[in-house]
Structure formats: structure tokens, C-alpha cells
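Enquirer: Provided herewith is a single structure, encoded as C-alpha cells, for subsequent inquiry.
The values are calculated or read from the model by the stated rules, or taken from the named source; none is laboratory data. From a predicted model like this one, the values you see are computed outputs, not experimental measurements. Every residue, glycine among them, receives a Cβ derived from its backbone with ideal geometry; neighbour counts consider all protein chains shown.
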Amino acid sequence: MQQVFSKALSFIKENLIILYSISLFILIPAAFFINNYIINSSYEKNIDLITQRKAVLAENIIKNMVQNQISDTAALQSSVNRIMQENGDIILLSILKPQNAQEEFEIIASSDPNLINQKPKDQIQNLLAWNKPEGIAFLDRNTDGRFWKVTKSFSDILNQKIGLIEISFSLKDSDALIEKTIYKSNIILILTILVVVLLVTNQARLIGYVWTTSKLKEIDKMKDVFISMASHELRSPLTAIKGYVDLFQTKKDLTLDQDANHYLKNISLSVERLDNLIEDILEVSQIEGNRLPIEMSVFNPAVIVSQSIEEMRSQAIQKNLVLSSNLFQTPVQIKADENRLKQILINLISNAIKYTKKGSVEVATDIKKDKFLITVADSGIGISAEDQINLFQKFYRIKNKETEDIIGTGLGLWISNEIIKRMRGKITVESIKGVGSHFTIHIPIVKK
Ligand code: ADP
């Protein structure tokens with residue numbers, strides 16, 4: 001039992017949105033219902049009070065009219081009839097006279113002819129009203145609905161109590177109005193519940209999406225863990241192969257014929273290719289999952305530019321290319337991830353060397369407005385205007401006679417472009433097919 005409870009609790013904790021839906025479902029109609037109840041009951045109370053006051057007021061007026069007619073019952077009856085005609089709210093009006101030393105009362109005029117000359121049923125009530133100067137008032141109900149009954153004594157000009165006026169005011173109209181209001185608010189309540197049900201169903205669909213998204217996120221995380229684990233596992237044997245190939249190539253007492261040397265070179269190249277591919281796939285997965293670590297800092301880029309050129313020099317020499325530089329001398333400060341910027345620059349220099357058969361590669365730095373520019377220019381195969389449009393797409397490789405022997409994944413430029421965007425910079429390209437290419441990194445300068 002406890003287990004089920006704690007399971008339910010942890011499920012709700014993880015999916016707070018469900019709790020929100022349930023509370024929405026209960027709270028909105030409840031708030032509406034309570035609001036209706038408060039408004040209706042205070043409305044009813046007010047109407048009751050108004051009617052009661054009205055009855056007392058009417059009684060005071062009637063008292064003055066019948067004061068002088070207590071002994072003339074015919075005149076009294078005609079006054080009662082007239083009052084009844086003029087006031088639609090009054091449902092019963094009777095004038096009572098005390099008898100037997102004010103112990104009992106008799107109805108001497110009434111709007112109900114059957115009551116004339118009769119003794120009222122409730123003599124105690126009349127006695128109570130007789131003895132209380134402010135009279136008595138109470139709410140009662142008959143087959144016609146609720147009414148206020150007010151009984152009060154009245155006096156002659158010498159201030160001697162001479163009789164009782166009993167008046168009943170109907171609450172029929174106001175009760176009908178209240179009933180109508182309650183009916184309307186109930187309809188609105190039902191509509192509100194319907195809207196809430198619709199909202200909650202929609203919410204349920206949203207919960208479904210949230211659930212699927214969280215599952216997808218989990219799968220994505222698992223994929224990420226798998227890729228990083230797989231790349232690590234793949235790299236270990238690759239490093240071993242690389243090491244043994246190096247040993248073969250450098251072992252002094254081992255003489256290898258031309259073919260064997262050629263094979264070893266091919267193995268070495270393939271290993272390097274595989275290594276780069278693994279690294280690229282790892283980065284693609286991190287970029288797509290928005291999990292590529294970027295550590296921004298403010299620094300002078302001159303050092304990493306020089307370092308990158310030096311690291312690529314041996315590759316340029318191997319291809320008989322001149323790797324030169326033309327660097328901006330004034331120190332500047334930029335905000336970027338130092339290692340990632342170096343990674344991008346090395347990728348551009350490596351491409352320049354890779355896609356240049358003869359000639360040179362030049363790395364130049366400059367300042368333009370508030371940007372620091374690093375341009376890698378080569379005298380290589382160049383890129384047509386058409387290919388330039390797709391250059392930064394994932395896995396895009398230009399396929400022609402000049403590129404068919406060059407190894408690559410088509411991921412380098414896409415990765416570089418994604419990284420530079422995360423550093424608020426950009427990469428632009430200018431190229432003429434057969435003449436060469438200029439790739440430029442633009443990075444915002446930090447103003448002092
Ligand atoms: P890869 O070099 O691994 O194929 P990249 O994303 O780095 O992938 O480059 C995409 C394509 O752009 C390359 O296949 C190549 O055709 C072209 N390219 C990149 N740099 C140059 C360059 N400096 N000169 C000519 N073509 C280039």
C-alpha cells in the first residue's frame with residue numbers, strides 16, 4: 001500500500017502538470033459555484049430585508065388611515081379593499097380588535113372575506129404583537145410561496161392602543177427572479193465545467209506530448225552516451241593500430257620493401273581517417289543535442305592563430321605548399337571559446353592544404369568595424385558559386401574529378417559553422433573555381 005502511495009507521489013512529482021490539470025478541473029467550477037452561492041444568498045437576504053421594511057412602512061401608513069375608523073367596520077373594510085387594490089404586493093391585510101380584556105382578538109376587517117368576524121388561529125402571536133411597541137415580523141410560507149407577515153398595534157389620537165394590523169407581503173416576484181438568476185448561473189456553471197473539461201482534455205494531450213518528449217529526451221541521452229562510449233571504445237584499438245604501424249615504420253633493423261611501405265602508409269591513412277570520422281560523429285551528436293560544451297572567455301586571438309599555423313606547417317611541407325601569415329599587429333580582445341576557435345581555424349587551414357595541389361596557403365588577420373577577421377586563403381581547386389551555397393550543409397561534399405581522391409566526411413565545415421554561430425560569429429566564403437578560396441572567420445571584438 002505504502003509502495004503504491006509513494007509510486008503515485010513520485011509520478012505526480014515528475015508530472016506536476018497532471019496535478020495542475022486536476023486542480024484546474026476542481027477549482028474553477030468550485031470557485032464559480034461558491035461565487036454564485038454567495039451572490040444569490042446575499043441577494044436573497046437583501047430582498048427579504050427590503051420586503052420586511054416595506055411591510056413595516058405600509059403598516060405605518062395604513063395605521064393612520066384606519067385610526068379613526070375602528071368603530072365603523074364598513075368604512076374600515078372599504079379602506080382595506082382600497083389599499084389592497086393599490087398595492088399588488090400585499091396578499092393579506094386584516095384589522096383586529098382586542099376582546100376579553102385584550103386576551104383575545106377578532107378580525108373586524110380583512111382582504112379575505114372568509115376571515116371577517118373570525119378569531120385568528122394564533123392568538124399568542126397577536127398577544128405578542130400587542131405587547132411589543134415595534135410589533136412582530138416573521139417570514140412564512142404557504143402554497144403560493146414565501147411571504148413576510150408583520151403584525152403591529154395601532155393607537156387612537158389619545159395614544160391608547162385600539163387594534164392590530166396584520167399585513168402579509170408576498171416574496172413571490174423576487175423569489176421568481178432569484179430562481180431565474182440561479183437557473184441562469186447554473187447554466188453558466190455547466191458551460192464553465194464543459195470549457196474546463198475541454199481544457200483538461202487538451203491538457204491531457206499536452207501531457208501526452210510532454211511524456212513523449214521526455215521519453216525522446218531519454219532516448220537521445222542514451223544515444224549520446226552510446227556514441228561517446230562507442231567512440232571511446234573504437235579509439236582504443238585505433239590508437240594501438242597507430243602505435244604498431246609507427247613501430248613498423250620506425251624500426252631500424254627492419255627493412256621493408258616498397259610494397260610493404262606502401263601498405264603501411266595506407267593503413268596509417270585509413271586509421272587517421274577513421275579517427276577523424278569518430279571525432280566528427282561525436283561532435284555532430286553533441287551539437288544536435290545542444291550539448292556541445294562551449295566555454296566563452298575574453299582573450300587575445302594572436303596566440304592561437306600562430307599556434308594553429310605552426311601545428312599545420314608539417315602538413316603543408318609534406319604537400320610542398322608555402323604556408324605563410326600576414327597578422328594584424330595591434331593586440332585585440334575577443335570573446336569566444338579559445339579551444340573551439342582553434343579547432344575551427346585548424347579545420348579551415350587543413351581544408352586549404354587538402355584542396356590545394358600546388359601554390360600557397362596564407363593565414364591573415366584583420367579588424368573590420370567591431371569584428372576580428374581571420375582569413376585562410378589558398379590557391380587551390382576553388383569552389384563554384386553553386387557549390388558555395390551548400391557548402392555548410394551536413395555531409396555535403398563536392399564531387400568532381402579534383403575531389404574524388406581526397407578523403408573527407410563532409411562534416412568539418414558544418415561543425416565549424418555550428419560552433420562559430422554559438423560564439424556569435426560567422427564564417428564566410430569567397431572562391432573562384434580553379435583559382436582558389438578565401439574562408440573568413442568573423443568574431444566580435446570586446447570593446448575596452
Ligand atoms: P570534408 O573536407 O571532410 O569533405 P568539409 O565540411 O570540411 O568536409 O568540406 C566540405 C566540402 O567543401 C569538401 O568536400 C570540399 O569539396 C569543399 N571544400 C572545403 N574547403 C575547401 C577549400 N579550401 N577549397 C576547395 N574546396 C573546399
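Enquirer: For segment 322-350, which positions are within 16 Å of the ligand (Cβ to nearest atom), over 46 Å from the mean Cα position of the chain (by Cα) and among the polar types (S, T, N, Q)?
Expert: 324, 350
Enquirer: Additional query: Can you spot a residue in segment 373-395 that is within 16 Å of residue 276 (Cα to Cα) and either in contact (Cβ under 8 Å) with a residue 24 or more places away in the chain or of a type outside the set (S, T, N, Q) (or both)?
Expert: Our first condition is that a residue be within 16 Å of residue 276 (Cα to Cα); within segment 373-395, this holds for 394-395.
Cutting the leftovers down to either in contact (Cβ under 8 Å) with a residue 24 or more places away in the chain or of a type outside the set (S, T, N, Q) (or both) gives us 394-395.
Yes, the conditions are met somewhere in segment 373-395.
For every residue, the table says whether it meets (1) surrounded by 14 or more Cβ atoms within 10 Å (Cβ to Cβ); (2) in a helix (DSSP H, G or I); (3) touching a strand residue (DSSP E or B) at 6+ places or on another chain (Cβ under 6 Å).
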residue: 43; (1), (2), (3): yes, yes, no
residue: 46; (1), (2), (3): no, yes, no
residue: 51; (1), (2), (3): yes, yes, yes
residue: 55; (1), (2), (3): yes, yes, yes
residue: 61; (1), (2), (3): no, yes, no
residue: 64; (1), (2), (3): no, yes, no
residue: 71; (1), (2), (3): no, no, no
residue: 79; (1), (2), (3): yes, yes, no
residue: 82; (1), (2), (3): no, yes, no
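Listed here are the residues, each with its yes/no results for (1) β-branched (Val, Ile, Thr); (2) farther than 30 Å from residue 63 by Cα.
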position: 171; (1), (2): no, no
position: 175; (1), (2): no, no
position: 198; (1), (2): no, yes
position: 233; (1), (2): no, yes
position: 237; (1), (2): no, yes
position: 243; (1), (2): no, yes
position: 250; (1), (2): yes, yes
position: 253; (1), (2): no, yes
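Quick grid of which residues meet (1) of a type in the set (Asp, Glu); (2) in a loop (DSSP other than H, G, I, E, B); (3) over 30 Å from residue 275 (Cα atoms):
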site	(1), (2), (3)
166	yes, no, yes
175	yes, no, yes
179	yes, no, yes
182	no, no, yes
185	no, no, yes
192	no, no, yes
196	no, no, yes
218	yes, no, no
241	no, no, no
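Residue-by-condition table, conditions (1) buried (at least 20 other Cβ atoms within 10 Å of the Cβ); (2) more than 9 Å from the ligand (Cβ to nearest atom); (3) at pLDDT 95 or above:
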| residue | (1), (2), (3) |
| --- | --- |
| 361 | yes, no, yes |
| 402 | no, no, no |
| 413 | yes, no, yes |
| 430 | no, yes, yes |
| 435 | no, yes, yes |
| 443 | yes, yes, yes |
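Each row is one residue, and each column tells you yes or no for (1) touching a Gly at 6+ places or on another chain (Cβ under 8 Å); (2) of a type outside the set (Lys, Arg); (3) in a helix (DSSP H, G or I).
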residue: 375; (1), (2), (3): no, yes, no
residue: 383; (1), (2), (3): no, yes, no
residue: 392; (1), (2), (3): no, yes, no
residue: 397; (1), (2), (3): yes, no, no
residue: 410; (1), (2), (3): no, yes, no
residue: 414; (1), (2), (3): no, yes, yes
residue: 418; (1), (2), (3): no, yes, yes
residue: 421; (1), (2), (3): no, no, yes
residue: 439; (1), (2), (3): no, yes, no
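Enquirer: Tell me which residues, restricted to segment 351-367, are in a loop (DSSP other than H, G, I, E, B) and under 51 Å from the mean Cα position of the chain (by Cα). Give the derivation first.
Expert: First pass over segment 351-367, keeping only residues in a loop (DSSP other than H, G, I, E, B): 355-359.
Hit for segment 351-367 is 355, nothing else.
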